[in-house]
1. Name the residue that is nearest to LEU19 (Cα to Cα), counting only residues in the range 50-79 that are hydrophobic (A, V, I, L, M, F, W, C) and over 24 Å from the mean Cα position of the chain (by Cα).
2. Which one is modelled with the highest pLDDT, of the residues in the range 39-66 that are exposed (fewer than 14 other Cβ atoms within 10 Å of the Cβ) and of a type in the set (Gly, Ala, Ser)?
3. Are there any pairs, at least 6 apart or on different chains, whose C-beta atoms fall under 9 Å, with the first in the range 3-32 and at positive phi and modelled with pLDDT of 90 or more and the second surrounded by 11 or more Cβ atoms within 10 Å (Cβ to Cβ) and assigned to a helix (DSSP H, G or I), and if so, which?
Amino acid sequence: MSILLTVLTAILIIISIFLVLVVLAQKAKSDGGVGSALGGGMTEATFGADTGNVLSKATINAAIAFFVLSFVLYLGHIYVRKHAVAAAGDSLPSITAPAKPANPAPATAPASAPAPKKP
């Protein structure tokens with residue numbers, strides 16, 4: 001299951017990068033900004049006059065894929081955590097301690113003061 005979650009996480013990262021690039025490639029309504037710097041005019045030459053629809057559809061599809069994949073990963077992590085706790089039993093180990101020590105420590109005499117040094 002963890003291999004599947006790792007693969008889905010890698011796909012989510014790729015979709016995220018693609019979504020950022022598609023949003024940045026779109027032409028702004030004021031014809032200024034990052035869209036024109038990243039090839040906003042070039043997309044019209046590549047995709048034709050209907051560039052806005054192509055980029056809008058790509059943005060919508062990438063956003064839907066991003067949210068669905070994020071939700072699937074969330075559910076997958078819940079599934080893994082729930083089954084890991086159930087397999088391990090209690091989440092905290094139980095440690096038994098004796099009621100009283102086996103060998104009581106003998107009483108020690110108070111330490112005497114050190115003798116003063118002679119000059």
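1. ALA58
2. Checking each candidate, the answer is SER56.
3. Within 9 Å, no pair qualifies.
The values are calculated or read from the model by the stated rules, or taken from the named source; none is laboratory data. Predicted model, so just to flag it, every value in this text is computed and none were measured. Neighbour counts are summed over all protein chains in view; Cβ atoms, including those assigned to glycine, are modelled from backbone coordinates with ideal geometry.
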